[in-house]
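Below: the structure, in structure tokens.
The values are calculated or read from the model by the stated rules, or taken from the named source; none is laboratory data. All figures in this text were calculated on a predicted structure; none of them were measured in a lab. Don't worry about glycine lacking a Cβ; one is built from the backbone with ideal geometry, like all the others, and counts go over all protein chains shown. Side chains are part of the model used for accessible areas, which takes the heavy atoms of the whole protein and leaves out ligands, DNA and RNA. Shrake-Rupley method; radii C 1.70, N 1.55, O 1.52, S 1.80 Å.
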Amino acid sequence: MKLAVLGGGGVRIPAFIRGILSQRPAAFDEISLFEPNELRRETTGRLAVELATELGQPGAVTLTAEAEEAFAGADFVFSAIRVGGDRARVIDEEVALRRGIVGQETTGPGGCAMALRTIPVLLSYCETLARCAPGAVLINFTNPVGLITQAVSLHSGVRVVGVCDTPSSTLDRLTGFLGAGRDRVAFSYGGLNHLGWITSFAVDGQERIGTLLDRYEELRRFDHVFAAFDPALVRRLGAIPTEYVYYFYEPARYVAAVARAGASRGADVLRLNSELLDAIVVAFGAGGVREAWSAYSTLMGVRRDTYMRTDTDGDSGQAQARARRAAAGPAGPGGGRPGGYEGVALQVIDGLTARSPGEVIVNTRNGASLGFLDPDDVVEVPALVHGGGVSPLAGGQLPRSAVGLITQTKQYERELVDAAVTGDAGLAALALAVHPLVPGVTVAREMISEYRERHGPHLAYLR
């Protein structure tokens, strides 16, 4: 079985490869990384390839600058691209933040600009994939996951399923808070990518959502992700929002926090990733794969430790994170397991190959899962993933206010996909104006105009 990775020089890919080869060495006969950027090939791409040798599997991972070579004969393609790179993310966020609007990379104007840059590029890759491996399944982690998955689902002949680790990580955190194993938990979840709610959480058959709501102050202290939300609001909802709902519930708090921090999360990540690539170059020059992995894992650890801190706390927390990582010492390349979005992707592959069918939260066509949306809308819901495909399961009853947010946001997504496919700049502005975080069409038009100017060739197709 062959796995191709679209965006094989992404900063998360070495950890993905390490997890697969350490814990699932026989999962794939070949893993081919496609990366058009030379610097990425020589740093993160090289690290992923040499990790295979270090883990006793030389030749298991290959690296290429040609999509056709990577896709040829692939059974699965994992997509994790960022058109325009980290600097484009900073622009996405800045354009919104200058207007006092949420400037997060996947939500609101930032997600709109990212999707507009990405949809034509990924649809072009899908044409290549359909020629080189017509039976392959595209597992999409390219953000914004829901929008991109909807575009591929409706406008290509490629089978696609979107993955995100936000819902599963939230469930893991709740499980840890209650001291229960995941095999003892049953839950209900529904929404769109980065806009979802857990409406039921039962342990050993006993509903515990009420306990979680009653003890929400404790939950906030247990994990900083839950501190993003006001306990009274959450109790009134009767459901646990996942972390990205913060940008919808607390837009003013977010804008103020970024102002205090003096830089957006995108600017933080740009600096961290630049430092990471430089550190890998130096490590390979001075030593080898072990030194490169140590530098990589330390800086990726800092990135994980500071996740959402700028947006919620007004301080990235990097100084503290770097001190903790320095005290922990260098990490070796052995061990590890696929977690996060990599783990969700492998669950999907295990299900589709009938190796281990099961329930996974994915982004897929709605069918009848959320009855207030259209059957072809891509939603984020639990689904049975099996040899016959992906079967979305009926969702629990969402709060009325959540239904309203989902309905409005999905309309924005539908219209934005149409704008990207037709290259219509006017329609893109009208779509953005529908988004709950955007205060009207005048501002939407201003932002689309500025995005077109600042992103240059990446949005030149919009007319």
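What the phi angles of region 70-87 give under the Karplus curve with 6.51, -1.76 and 1.60, with θ = phi - 60°, is a coupling list of 5, 6, 4, x, 6, 8, 9, 10, 9, 10, 8, 9, 9, 5, x, x, 5, 5 Hz, glycine and proline written as x.
Rounded, prolate or oblate: which fits region 370-463, taking a ≥ b ≥ c as square roots of the Cα gyration tensor eigenvalues, rounded meaning a/c under 1.5, else prolate when a/b beats b/c? Please list the in-between numbers first.
Values: a/c = 3.31, a/b = 1.73, b/c = 1.91.
Cα axes put region 370-463 in the oblate bin.
With the cut-off at 1.5 for a/c, could you classify region 303-410 from its C-alpha gyration tensor as rounded, prolate or oblate? The shape class here is oblate. Scattering from region 120-206 was approximated by placing one identical point on each alpha carbon and applying the Debye formula without solvent; log10 I(q)/I(0) at 0.17, 0.26 1/Å stands at -0.75, -1.20. May I ask you to give the percent of accessible area on region 16-97 that is carbon plus sulfur, with a probe radius of 1.4 Å? Percent of accessible area from carbon and sulfur atoms in region 16-97: 44. Taking a ≥ b ≥ c as the square roots of the eigenvalues of the Cα gyration tensor, the chain is classed as rounded, since a/c falls below 1.5.
When peptides 392-404, 306-318 are ranked by their average number of other Cβ atoms within 10 Å per residue, the highest-first order is 306-318, 392-404.
In square nanometres, what is one fourth of the surface area of the convex hull spanned by the alpha carbons of region 30-71? Could the numbers behind the result be given before it?
Working: hull surface 10.3 nm².
One quarter of the hull surface, i.e. the mean projection, equals 2.6 nm².
Take each peptide in 324-333, 168-177, 240-249, count the other Cβ atoms within 10 Å of every residue, and average; sorted highest first, the result is 240-249, 168-177, 324-333.
Both radii come from the Cα set of region 184-328: Rg as radius of gyration, Rh as Kirkwood radius; their ratio Rg/Rh reads 1.08.
For region 155-219, the alpha-carbon coordinates run over 46, 24, 16 Å along the three principal axes, in decreasing order.
Taking the inverse of the mean 1/r over every pair of distinct Cα atoms in region 271-354 gives a Kirkwood hydrodynamic radius of 14.7 Å.
Starting from the Cα coordinates of region 1-82, work out the convex hull volume and express it per residue in Å³.
Details: hull volume 6.0 nm³, N = 82.
Here the figure is 74 Å³ per residue.
A 1.4 Å probe run over the protein chains yields, for the chain, 38 Å² of accessible area per residue, whole-number rounding.
Share of region 270-336's accessible area from carbon and sulfur, percent, 1.4 Å? Working shown, then result.
Values: 1660 of 3020 Å².
Solvent-exposed carbon and sulfur of region 270-336 make up 55 percent of the total.
Across region 58-188 the C-alpha pair distances fall into 5 Å bins from zero in the proportions 2, 10, 16, 16, 14, 14, 12, 10, 5, 1, 0 percent. Surface composition of region 159-251: carbon plus sulfur atoms contribute 43% of the solvent-accessible area (1.4 Å probe, protein chains only, all chains present). Convex hull volume of the C-alpha atoms in region 223-305, normalised per residue: 104 Å³.
Given the rule -39500 (n - 2.57) for each run of at least 4 DSSP H residues, summed and divided by the residues of the chain, what is its mean residue ellipticity at 222 nm, to the nearest 500 deg cm²/dmol? Please list the in-between numbers first.
Numbers: 20 runs with 237 residues, N = 463.
About -16000 deg cm²/dmol.
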